Amino acid sequence: MKSLKSAGLRAALIAAAALLTANAVVQAQEKQPILIGGTLGLTGFLSEGSADYKAVYDRWNDEVNKRGGLLGRPVKLVIYNDESTPAVAQSLYSRLLDQDKVDLLLAPFSTFVGGAVLPIVQSHNKLFFNGGFVSMAMFTNAKGSMIGTYMYQEPDYPRGLFEFIKSLPADKRPKRAAIFTYQSPFPIVVRDGYNGYGGALRFVKEAGIELVVNEQFPANTTDFNALVQKAKGANADMVLHIGQLNDSLQVARTIQQQDYKPAFFCTCGSPVTSIAAWAKLGAAAERAFSGTPAWPTQKHPGLVELSEFFKKERKQDTLPAYAIVAQTILQVIEQAVNGAGTLDQEKLREYIYKSEFKTASGNIRFQENGTPVYSQLLLQFQNGKNEVVFPAKDKTADAILP
Amino acid sequence: MLSIFFVRKGGAEDRTLRLFGLVFCVLGLGALILYGAIGTKQGILSLLGTVFLYVTLTQAWNILGGYGGYLNFGTATFFGVGAYTTAVLFHHYGLSPFLTAPIAGVMAALLGVIVGVPTLRLRGAYFAIVTMIITFAVQIVVLNASITQGPMGIFLPPLKLSPLALERLFFFMFLGLAVVVTLLVYAIENSNFGWALVAVREDEDAAEVIGVKTTRIKYIANAVATFIIGIAGGIFAQRIMYLDPTTAFSFDISLNVVLMAVIGGAGTWQGPLIAAPLILVVADMLRVTFTSEVNRVIFSIVVIVIALYLPHGAMGFMTSLRQKYFKWRNPKTGDEVASA
C-alpha cells in the first residue's frame, strides 16, 4: 500500500514536472521575437530612398514593441544592406529565409532589386509584403502572394498629371512633349504602359499632345545637357522625366542652367520632389510636378505623426512619399497579424484579401493581384515646399502655370 | 597541411610535401562534396556556390592576366555575354541554360577573339583601359538591343526543385566547374604553353626573340579564358533567374576577379583558391554583422598593403616562408631546394 502510494506520488510529481517543463517551453517560444526581414540599398545609388525606409521601419519597430508587439510577442526587424545590387539582395534573401528563418518578409526598395528577389521568395511560398517597389508584371506573376502598398503601379505613374491637364482649359494645356526615360525596367513600363494599359506615351497621345522628343538614357548618366538641349530645341512645353532620384535632380539642374522654361516639368518616375535633396536645388526645384500616394494634409491614420517624426528626427520638412508607402505596409502587417491572430501565411493571405486596412495611404482594400485600388495626388513644388494641386478635394494650393 | 602552397619542384623532401599537398586537396574536395550532399544550411551552400563561381572566373582570368601578365578588367564583358546567350536562347527558343552553356562559352570566346585581335597588341595600362571600356560598350549594345529585351531584362523560370535542392544543384555545378578549371590551370602552369605565357609576362620582346610565338600564345590564352568565363556566365543566368544588363555586365565582377587574383597571388593556380573564399566569406560576414560598405574599405586597404609589401600576394608570402623554412631545415642546401 505504502509502495503504491509512493509510486503514485512519484508519477504525479513526474507528470507535474513534465507539464511545467512543457509549459515553460511553450512560453519561451511564445516570447521569442517575431522576425520580420528584408533588405534595403543602404549604400549605393538607392541609398537616399532606402534611408527613408529604414527610418520608418526603425520607428515602427520601437512603437509596435511599446504597444506590446504582435500576438503578445516582441517584434524584431532584420534589415540587411543589399548595396543596391540585385545579386547581393538575392543572397541576403536566401539567408533571411533559410538561416534567419524570418516569420514575415518585407520587399527591398526599387523594382531593379525586387525583380531579382521575387523568384526566391516565391520558391519558399512566403507572402511578400511589398512597400518597396511597383511592377504590374511581377504582381501578376506573383498570383496574389505579393501584397503591395504603392497606391499606383508603373502605367499609372503619369496618370495624375494627365488627369490634371484634362481639367485645365484648352489654352493652358501643353502642346509638345519631351520624354526622358532611364533605361531600367520600372521607368520603361512607366513610359510604355503594361499590356496596352496606361503609360506616358499613351497618355500623351490621348491628350492630343505632340511627342517631339522620346529619349532613353543609361544608368550613371551625369550629363543631361544634350537631352535638355534637344527638348528645348524642339520647343517642348512639357518635359516628362521618368527616372530615379539622382538623374531627376540632374535634369532639374540642367533645365535651369539652360534657362529652359517648359510649362510642365514632371518627375513622373520616382516621386522625387518630396525627398530632402529636392528642396536643396533652390530655384531649379520650383514648379516641378510629382505624384504621391497620400499627403499629411489628408490626415490618414499615422500620417501626421509620421510627418512630425520626419521634421523632428530626420530634420526633413517634407514627408517623403517612400516613407508613406513604408508606413502603410507596416500598418497592413500589424493589422493583418493581429486581425488573423496568426503568422500562418495562408491564413494571413485569406485575412488580407477580405479586410480593409486603415493606413497612412487611406483606407485600402487589395485587388486579387495584391495591389490596392488606384489613388494618387499630384504635387507641385512651390516656394520651397510641396503643395497638393490635384485632385480638387485634396488641393492645398492652385498649380502655378505660366 | 598547407604544403601544397609551398611546392613546385625539387627533391625527396619536396616530393613528400607535394604528396601532403595532394592529400590535403583530395580531403578538402571530399569534405566539400560531403557538405554539398548532406549540408542543409542553404545560405552556406549558396555562399559556397558563389565562391566556386569566383574561383572559376579568377582561374580563367589567371591564364592571360596572371601567367601572361595582361591586366584585364573585362571579365564582366564575357561573363555577361555568356549569361545573355543562355538567357536569350531560353527566351526565344525555350532551351535550358544547362544545355546551352557550352554555346555561351563559344559566343564569349568568339567575342574574346574579335576583341583580342586589336587589343592584345596593346600593353600595360592601355590594354587594361581598353578592356574596361569594352565592357561598357557591350553593356550599352545589350541595353539597346531588342533581342535582349533591352533594359527590361529577361526572366528565366525557377527550376521545379525545392530551395535546398536548387542550392545543392548550383553548389555542385560551380564546384565541378571550379575543379576542372583549376586542374586545367595547373596543367597550363606546368606546360610549355604556361612557360611561354610567363615568358610573355616577363619580357615579351625577349620571348619573341627566343622563338615564342607571343601573338598566337596570347590569342589562345584569351580564347580559353573567355570560353570558361562564358560558360560560368551561362550557368549563372539560370541561378539568378533574372538577367538585366546592369547586373550581368557589372564592373564589380571584373574588379572582384582582379582583387582576388592580386590578393591570392596572380600567376599561381593556388592564388584563387585562397583569395576567393577569403574575400567572399569575410564580405558576407561583414555584410550581415556590421555594414557592407566596410567590405570595400577593408579590401582596399588589403590591396594597398599587398601592393606595397606583398607584390606577389598570399602565394608570394607563402613562397617566401617556404624559402625560410628550407633554409632553416637545411642551411647548406636550403637555398637550392627553396628556389627549385
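The values are calculated or read from the model by the stated rules, or taken from the named source; none is laboratory data. The model shown is predicted, which means the values in this text are computed figures rather than measured ones. So basically every Cβ, Gly included, is an ideal-geometry build from the backbone, and we count neighbours across all protein chains shown. Just so you know, the surface numbers come from the protein's heavy atoms only, side chains and all, with ligands and any DNA or RNA stripped out. Shrake-Rupley method; radii C 1.70, N 1.55, O 1.52, S 1.80 Å.
What relative contact order, as a whole-number percentage, does segment A:66-184 give when Cα pairs under 8 Å and 6 or more residues apart are counted? List each step's numbers first, then the result.
Working: 104 pairs, mean separation 20.2, N = 119.
Once normalised by length, the contact order is 17 percent.
Which angle between 0 and 90 degrees, to the nearest 10, do you get for helix A:47-66 versus the longest principal axis of chain A when only C-alpha atoms count?
Taking Cα atoms only, the helix is inclined about 40 degrees.
Would you please name the trypsin sites (Lys or Arg not before Pro) within segment A:44-97 that are DSSP coil residues with at most 12 other C-beta atoms within 10 Å of their C-beta?
A:67
In whole angstrom, note down how far apart the Cα centers of segment A:118-163 and segment B:204-221 are.
56
Which value in deg cm²/dmol, rounded to the nearest 500, describes the helix-derived mean residue ellipticity at 222 nm for the protein assembly as shown, given -39,500 (n - 2.57) per DSSP H run of n ≥ 4 and division by the residue count? Kindly include the intermediate steps, with their values, before the conclusion.
Values: 29 runs with 430 residues, N = 742.
Calculated at 222 nm, the ellipticity per residue is -19000 deg cm²/dmol.
For the A and B pair, go ahead and give the buried accessible area with a 1.4 Å probe, both sides summed, in Å² to 100.
2300
Can you tell me the dipole magnitude for segment A:223-349 around its Cα centre, using point charges on the Cβ only (Lys, Arg +1; Asp, Glu -1), in Debye to the nearest 20? Before the final figure, lay out each step's value.
Numbers: 13 positive and 12 negative charges, 53 e Å.
It comes to approximately 260 debye.
With a cap of 16 neighbouring Cβ atoms within 10 Å, and only residues DSSP puts in a loop, list the chymotrypsin sites (Phe, Trp or Tyr not before Pro) found in segment A:51-91.
Listed in order of number, the matching sites amount to none.
Only Cα pairs under 8 Å and at least 6 apart count here; give the relative contact order of segment B:190-340 as a rounded whole percent.
14
Once the Cα atoms of helix A:321-340 and of chain A are each reduced to a long axis, what angle between those two axes, in degrees from 0 to 90 to the nearest 10, is obtained?
With both axes taken from Cα atoms, the answer is about 30 degrees.
Placing unit charges on C-beta atoms (Lys and Arg positive, Asp and Glu negative, everything else neutral), compute the dipole magnitude of the protein assembly as shown about its Cα centre in debye, rounded to 20.
Numbers: 63 positive and 52 negative charges, 257 e Å.
That gives a dipole near 1240 debye.
Calculate how steeply helix B:75-93 sits against the longest principal axis of the alpha-carbon atoms of chain B, using the helix alpha-carbon long axis, and give the answer as 0 to 90 degrees to the nearest 10.
Long axis of B:75-93 versus the principal axis of chain B: about 30 degrees.
Between the DSSP loop rule and a limit of at most 16 other Cβ atoms within 10 Å, which trypsin sites (Lys or Arg not before Pro) in segment A:314-364 are left?
Sparse-neighbourhood loop trypsin sites (Lys or Arg not before Pro): A:315.
Roughly speaking, what is the centre-to-centre gap between segment A:383-402 and segment B:122-181 when only Cα atoms are used, to the nearest Å?
After rounding, the separation between the Cα centres reads 47 Å.
I'd like the antiparallel share, as a percent to the nearest 5, of DSSP beta bridges with both residues in the protein assembly as shown. Don't skip to the answer; put the middle values down first.
Working: 17 of 49 bridges.
Within the protein assembly as shown, antiparallel bridges account for around 35 percent of the total.
Could you work out the relative contact order of chain A? I mean the mean sequence separation of Cα pairs under 8 Å and 6+ apart, divided by the number of residues, in percent.
In percent, rounded to a whole number, it is 15.
Can you find, among A:265, B:185, B:254, the residue farthest towards the positive end of the dipole of the protein assembly as shown? Put +1 on the C-beta of Lys and Arg, -1 on that of Asp and Glu.
B:185
Tell me, which residues of segment B:229-271 get at least 50 Å² less accessible area when the other protein chains come in, versus the chain alone (1.4 Å probe)?
B:240, B:242
Run the reach check for residue B:218 against aspartates and glutamates, Cα to Cα strictly under 13 Å, same-chain hits fewer than 8 apart removed. What comes back?
Reachable aspartates and glutamates: B:204, B:208.
Return the aspartates and glutamates within reach of residue A:299: Cα separation strictly under 16 angstrom, same-chain partners fewer than 8 residues apart disregarded; answer none if there are no such residues.
Within reach: A:308, A:387, A:394.
Taking a threshold of 26 Å on the Cα-Cα distance, which of the pairs A:76/A:143; A:166/A:385; A:101/A:347; A:76/B:160 fall above it?
A:76/A:143; A:76/B:160
Among the aspartates and glutamates, select those whose C-alpha is under 18 Å from the C-alpha of residue A:172, and discard any that sit fewer than 8 residues away in the same chain.
Correct list for residue A:172: A:163, A:206, A:210, A:237, A:398.
By average Cβ neighbour count within 10 Å, what is the ranking of A:226-234, A:35-43 from highest down?
Ranking, from highest mean packing down: A:35-43, A:226-234.
Would you work out which of A:142, B:26, A:328 lies farthest towards the positive end of the dipole of the protein assembly as shown? Charges go on Cβ: Lys and Arg +1, Asp and Glu -1.
Final value for the positive-end residue is B:26.
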